[in-house]
Structure formats: structure tokens, C-alpha cells
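*Asks:* One structure is given below, represented as C-alpha cells, and several questions about it will come after.
We did not get these values from a lab; they are worked out from the coordinates using the rules stated. Remember, predicted model here, so these are calculated numbers, not experimental data. A quick note on method: Cβ atoms are made from the backbone with ideal geometry, for glycine too, and the neighbour counts reach across all protein chains shown.
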2 protein chains.
Amino acid sequence: MNRASRKKLEAKGWRLGDAQDFLELTDKEMAFIEMKLALGRDLKKHRQLKRLSQAAFARRINSSQSRVAKMEAGDASVSMDLLIKSLLELGVSRKELARSIDQSNRRTV
Amino acid sequence: MNRASRKKLEAKGWRLGDAQDFLELTDKEMAFIEMKLALGRDLKKHRQLKRLSQAAFARRINSSQSRVAKMEAGDASVSMDLLIKSLLELGVSRKELARSIDQSNRRTV
DNA sequence: TGACAGTATGTCAGATATGACATATTATTT
DNA sequence: AAATAATATGTCATATCTGACATACTGTCA
């Protein structure tokens, strides 16, 4: 991971282990974070497909506009549970969720 | 969902919506819970493949034996985040995680 | 330009998840 | 059977996540 990417993530509140940590650990951290980012992107995509504003969608899941914004932005304060529940609420299937989780539809941070 | 299954889940601490709720909602609840159960089963499988006791694995992820037991048992107090981080720690790939998330390797509760 | 809808970002009190511990239950080994 | 290892279950103080709110920013339309 380059300096710029790391900066970007740290801005979102992610506390990453020291660069001296051995690589495997960092890889696991990254895999986890990338999954959340992927789910956030998907959330945005599906919400927009349904022509819902963040506020409208927030109402639907008993949350708030700001939290929806954070979900889509990959904020570190957002749990996997919330992301997945939200996607299900949008009618996304387990199969589609699986595609987001999977490495294959990757995109660099 | 039948009465026995519901009882089983409620024993694990899951608070399910009233049966009068319309079906779609219940389906989403169930999809979410089934995902967690699937991840828990996978965790157990991979831990055993590596011949680790719950206590030994717990040490590796800075957790405790009791929490690992809860993860594997599908306890409601366990987050998706913890399940997924734990699976990654066991060396499970995103692709394999995706398979658990996916409906296809389903098993009734 | 200003008004307005949508989104982003920061903060916080309350809600939920966490590791740790105690203790019970269930294999496994001798 | 008794000792030992592994797993299950309950509780709790603390850590982390949450919705809500305030407020800032970004478009877009008149």
C-alpha cells in the first residue's frame, strides 16, 4: 500500500498497524477494509438505482442521513453488520452480497 | 420458519420480530442470521482443520475461549465484523468468505 | 444571485459488542 | 472411574458502534 492510499484510509478513521508490521497482517487488515469499502460502494449503487436520497433511505432503515453517508464513504465507525443489513433492506440478495465480498470485483482504494 | 427453529434461535439470544410481521421482513432477518450461522460453521471447520482448540485460536486473535465458542454457536452477541476478521485470521480467502455468504451453501437452522 | 435538495463531516449520549472470568458440561485418556 | 482437555453458557465492566443533531459543503434551478 502506498502512502497516499494509507493517508486516505486514515482520514476515514482507520487506524492501521505500523508499516513495520509483517506483511501478512497488513494484508488481512486490507482485505477487511476493502470488503467494507466494496459494500459501501454497492450500497450507494443500489440506493441510487432505487432513486432514494440518503435521507429517504435512512428513514427506511431507522437510521440517519449522516450514518448512510458514512456507510457509503467507508467510514471506520461503520460495522459490517450495518452495511449488510442495509444492503438486504435494499433487496440485495445473498448472491450479490457474496460478489461484493469476493476479491474479484476489486478496486484499489 | 417453524416453531422449533424459532425456539432454537431465540435460545441463542436472537430477538425475532413477531410472526405477524409481513414475510419480507422476516426473510431479511433470516437471511442475515443464516449468514452469521454459516460463517460460524466455517470458523469451526477451519479452526478444526488447523487443529486448534478454541482457547489456542482465541489467543491468536486476542479474544477468549468463550467468545470463540459463541462465534461458532451462532450467538446473537457476535458481530459480523468479528466473524469475518476471525476467518481472515485463519487464512480464509475473500473468495471462500463469499461462498459462505452466498445462499447456495445453505443449510436449514 | 439566492433558495433549495442532497451529501459530507464532527460530536456525543445511549445502545450494543467485547474480552475476561467463573463455572458447567461434554469428550478423551489413563 | 477419575483425571484431564475441550467446549458451552452466563455475567459484567469497558470498548466500540449507533442514531441524532448541528453544521458545512456541493450542486442545480430560477
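*Asks:* When you look at the Cβ of every residue in A:32-38, what mean number of other chain Cβ atoms sits within 10 Å?
*Replies:* 2
*Asks:* Are any of the pairs B:K8/B:K45; A:K8/A:K95; A:K7/B:K28; A:K36/A:K95 more than 26 Å apart by Cα-Cα distance, and if so, which?
*Replies:* Correct reply: A:K8/A:K95; A:K7/B:K28.
*Asks:* What is the dipole size for chain A, taken about its Cα centre, with +1 at each Lys and Arg Cβ and -1 at each Asp and Glu Cβ, in debye to the nearest 20?
*Replies:* Working: 24 positive and 14 negative charges, 142 e Å.
That gives a dipole near 680 debye.
*Asks:* In peptide A:76-88, how many Cβ atoms from other protein chains are near each Cβ within 10 Å, on average?
*Replies:* Neighbouring Cβ atoms belonging to other protein chains average 3 per residue here.
*Asks:* Turning to a different aspect of this structure: In 5 Å bins starting at zero, report the fraction of Cα pairs in chain A per bin as a rounded %.
*Replies:* Using 5 Å bins, I get a P(r) of 2, 12, 23, 22, 18, 12, 7, 3, 1 for chain A.
*Asks:* For A:M1, go 7 angstrom from Cα along the Cα-to-Cβ vector, then report the distances to that same point in the other copies in nm, smallest first.
*Replies:* In ascending order, 3.6 nm.
*Asks:* Another question, then. Once you keep just the Cα pairs under 8 angstrom separated by 6 or more residues, what percentage relative contact order results for chain B?
*Replies:* Across chain B, relative contact order equals 33 percent.
*Asks:* Sort shortest first the distances from A:L16 to its counterpart in every other copy, using label points 7 Å along the Cα-to-beta-carbon line, and give them in nm.
*Replies:* 4.3
*Asks:* How large is Rg over Rh for region B:51-91, taking Rg from the Cα atoms and Rh as the Kirkwood inverse mean of 1/r across Cα pairs? Could the numbers behind the result be given before it?
*Replies:* Details: Rg = 9.3 Å, Rh = 10.1 Å.
Taking Rh as the inverse mean 1/r over Cα pairs, Rg/Rh reads 0.92.
*Asks:* Report the Cα-based extents of the protein assembly as shown along its three principal axes, largest first, to the nearest Å.
*Replies:* Between the extreme Cα coordinates on each principal axis of the protein assembly as shown lie 55, 48, 26 Å.
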